[in-house]
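Inspection log for the structure reproduced underneath, given as structure tokens.
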Amino acid sequence: MTRLLKVAAAQVGKIDIDTPYEEVVQRMIALLDQAHDKGIKLVNFPELTFTTFFPRHIIPFGPELDKWYQKGDVTKFDPFKPFFEKAKEYGIAVCVGYAELTDDDEHYNTSVFVDQAGNNLNKYRKMFLPGDKEPLENVPWQHLEKRYFLEGNLNWKAFRWPGTGTGHGGPIIGQLICNDRRWPESWKILGLQGAEIVCIGYNTPVSNVVEPGKASQMVNSDSSEAMATFHNELCLQYNSYHNCCYSLCSARTGVDDGKYSLIAGTTIVDPQGVIIAKSKTNEDELVWAEIDLDSCYPPRNRAFNFARHRRPEEYKLIVEQKGVKEPAPLEDEM
Ligand code: CDV
């Protein structure tokens, strides 16, 4: 049997600190137009799609910071409404990242999955926040996600997406945000719920701060871009493979404000871990494929049949211990 579905990962290029929402929304609509022409049913967008990656800046707490966030139903926020309305008009489901401010004034790095009829099917809040709470000294830019967001509190919830006509009770979807994709725990919890498509958005700098207070020596060099891209693909390919799922992985890319460079590498990966579609630019680009959800099942029924092969009774260390505890050193090796 086949359960075919056309899906896309939308890559979004440079967004400067002063780029208006309206401009980004028009670019996102242009990507939806392309998706509509191709008969695509789901378009995944990057982390914090509508803005520049503001956690690279030091911003005072209060109204100046909060203007980067959206309160309430994001699909009803006036500047974003034309995007969500266009997706509904086209009958396209979208998964989109944004900065969420709750009614209790809590801040989260969030993505929403909105179905083809405009229903909010699921909200996910980033679980693994990278970076720092306090600004670092002597670095070319900050990464202040731990300062500006709380850790996600909605766990990794897979859910059914109705109305696709692909049978089998509807595709099973999971969401991850950027750094979450590097952690096998995120994927396995989705894998254990049978996720067939994992939607991911990311903002991955070309160069990273490798130690507190010390910037990478490879700032903006080709080798740091190649390494960041390699690690991106490594995570997506292996984790899709051992959870026998598709992943749609959308980059926010380009060079923001003429100096903040983000990797591209938007991809669609199949349940064998093979990249089946990949971006060619570091600009707005629609990466798409026709996938067969049934191809998740041969590996699920054999090599990665979790019920047959997993040993959860042996995984105590993983759930009870957070950091590394090394075995005691051998004295004659000191
Ligand atoms: N936005 C991110 O989560 N970025 C991280 C960087 C800091 C390593 C990432 O995993 O790409």
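The values are calculated or read from the model by the stated rules, or taken from the named source; none is laboratory data. Keep in mind the model is a prediction, meaning the values are calculated, not measured. Here Cβ is always computed from backbone atoms with ideal geometry, including for glycine, and neighbour counts include all displayed protein chains. Note: areas computed on protein heavy atoms with side chains; ligands, DNA, RNA excluded. Shrake-Rupley method; radii C 1.70, N 1.55, O 1.52, S 1.80 Å.
Worth pointing out:
- Gain on full stretching of the segment that runs from Gln26 to Glu283 - 0.36 nm per residue minus C-alpha separation: 91.1 nm
- In sequence order, calculated HN-Hα J values of region 56-69 (Karplus, 6.51, -1.76, 1.60; Hz; x Gly/Pro): 7, 10, 8, 10, x, 4, x, x, 5, 6, 5, 5, 7, 10
- Highest-fluctuation residue, Asp115, Asp132, Asp103 considered, GNM on the chain with Cα pairs under 10 Å: Asp103
- Net +/- balance of residues flanking Glu100 in space, Cβ distance below 15 Å, scoring K and R +1, D and E -1: -3
- The equivalent ellipsoid of region 285-334 has semi-axes of 40, 19, 12 Å, largest first, where each one is the square root of 5 times an eigenvalue of the Cα gyration tensor.
- Charged side chains reduced to their Cβ positions (Lys and Arg at +1, Asp and Glu at -1) give the chain a dipole of some 1140 debye around its Cα centre.
- Taking 0.36 nm per residue of sequence separation and removing the Cα-Cα distance, the Glu64/Val274 pair yields an extension gain of 71.3 nm.
- Exposure rank, largest accessible area first [Met334, Met127, Met28, Met227; 1.4 Å]: Met334, Met227, Met127, Met28
- Ignoring lysines fewer than eight residues from Lys38 along the same chain, the ones with Cα atoms less than 22 angstrom from its Cα are Lys6, Lys86, Lys88, Lys278, Lys280.
- Nonpolar atom fraction for the chain, defined as the carbon and sulfur part of the 1.4 Å probe accessible area, stands at 53 percent.
- R0 of 35 Å, Cβ-Cβ distance Lys133-Asp294: FRET efficiency to nearest 0.05: 0.20
- Tail beyond 31 Å, pair distance distribution of the chain (Cα, percent): 31 percent
- Antiparallel DSSP beta bridges within the chain, percent to nearest 5: 65 percent
- Cα-Cα pairs of region 78-133 separated by more than 13 Å (percent): 67 percent
- Listed residue (Val269, Leu293, Asn305) projecting farthest to the positive dipole end of region 257-313, Cβ model: Asn305
- Close Lys-Lys pairs in region 96-162, where close means Cα under 14 Å and separation is 8 or more or interchain: 4
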